[in-house]
Amino acid sequence: MPRGKQVKNRLWRWRSNPLRRRDDIVEAWIVLAVWTVFAVGGTIAALVTAHAAHEAFARQRAERHSVEAVLLHDVPRAGTAVGGATDLRTASVRWSASDGSARTGRTPVHAGLKAGSHVTVWQNGQGHLTAAPTSSAEAAIESGFLGTAAAAALAGLVFGAGAVARWRLDQRRVDAWGREWDLVGPRWGHKTG
């Protein structure tokens, strides 16, 4: 089929036609609205979410900093790590906060370390232990993933709402056909069965 004929067939609801129903026009507008909201809204949702996540990761990198801490107790090794994974255990450590005061807390460290070992820990702006900030590369990947997830969530909502609206239109068409059949059917004479 030539390309021009395919386009005409897809746009049949927009052309003037004596068989075109009002519901066909409404359905065409619904489909157009769904795709427009998906294209524009999905792009905006993805960009806004990715930008917000990137800014949050940048704030984390700016406010968190590493400090040297001293391990207070031995950290026993539980056995061999499976699949090359590092064996981490929660242990007590002591470090100096930015104001010079000594602090203690619990943080994950590698197993097998002895008391008095120096480990690197991360603290936030208030001097509390926290996880290491996300690297720039990881933040870019996570921001992209979160933006894509936001666009996908919007797509699910928009296409779901469009499907519900089209289903309601189909129900109205079936009901209208039933009412018309009730009017025309008795005129056809004798019914079998």
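The values are calculated or read from the model by the stated rules, or taken from the named source; none is laboratory data. The structure displayed is predicted, hence computed values, not measured ones. Note that each Cβ is placed from the backbone with ideal geometry, even for glycine, and that neighbours are counted across all protein chains shown. Heavy atoms of the whole protein, side chains included, go into the accessibility calculation; ligands, DNA and RNA do not. Shrake-Rupley method; radii C 1.70, N 1.55, O 1.52, S 1.80 Å.
Around L113, which amide H atoms from residues at least 5 apart in sequence, or from another chain, sit under 5 Å from its own amide H, with H modelled in the peptide plane?
Distant-sequence amide H within range of L113: V75.
Given the Cα-Cα distance of A153 and L32 and 0.36 nm per residue of separation, how much length would full extension add, in nm? Intermediate values should be presented prior to the final figure.
Numbers: separation 121, 0.36 × 121 = 43.56 nm, distance 1.90 nm.
Additional length available on full extension: 41.7 nm.
For region 114-129, in order, what is each residue's ³J(HN,Hα) by Karplus, 6.51 cos²θ - 1.76 cosθ + 1.60 with θ = phi - 60°, in whole Hz (x at glycine and Pro)?
9, 4, x, 5, 8, 10, 9, 10, 10, 10, 8, x, 8, x, 8, 5
When the accessible area of region 45-193 is computed with all protein chains present and a 1.4 Å probe, what percentage of it is carbon and sulfur?
Values: 5900 of 10010 Å².
Of the solvent-accessible surface of region 45-193, carbon and sulfur hold 59 percent.
Leaving out ligands and nucleic acids, note down the accessible area per residue over region 25-176 with a 1.4 angstrom probe, in whole Å². Don't skip to the answer; put the middle values down first.
Values: 9290 Å² over 152 residues.
Result: 61 Å² of accessible area for each residue.
Relative to the present Cα-Cα distance, how much length would full extension add between H110 and R59 at 0.36 nm per residue of separation?
On the way: separation 51, 0.36 × 51 = 18.36 nm, distance 2.71 nm.
Roughly 15.7 nm would be gained on extension.
Near the amide H of A91, under 5 Å away, which other amide H atoms are found, from residues 5 or more places off or on another chain, if H is placed in the peptide plane?
T107, V109
Label-point separation (nm) for V184 and A137, each offset 7 Å from Cα along Cα-to-Cβ?
Distance between label points: 6.8 nm.
From the phi of every residue in region 91-104, what ³J(HN,Hα) in whole Hz does the Karplus formula 6.51 cos²θ - 1.76 cosθ + 1.60 yield, where θ is phi - 60° and glycine or proline is x?
9, 7, 9, 10, 8, 9, 6, 5, 8, x, 6, 7, 10, 10
What is the mean projected area of the alpha carbon convex hull for region 69-170, to one decimal in square nanometres?
Numbers: hull surface 45.4 nm².
Over all viewing directions, region 69-170 projects a mean Cα-hull area of 11.3 nm².
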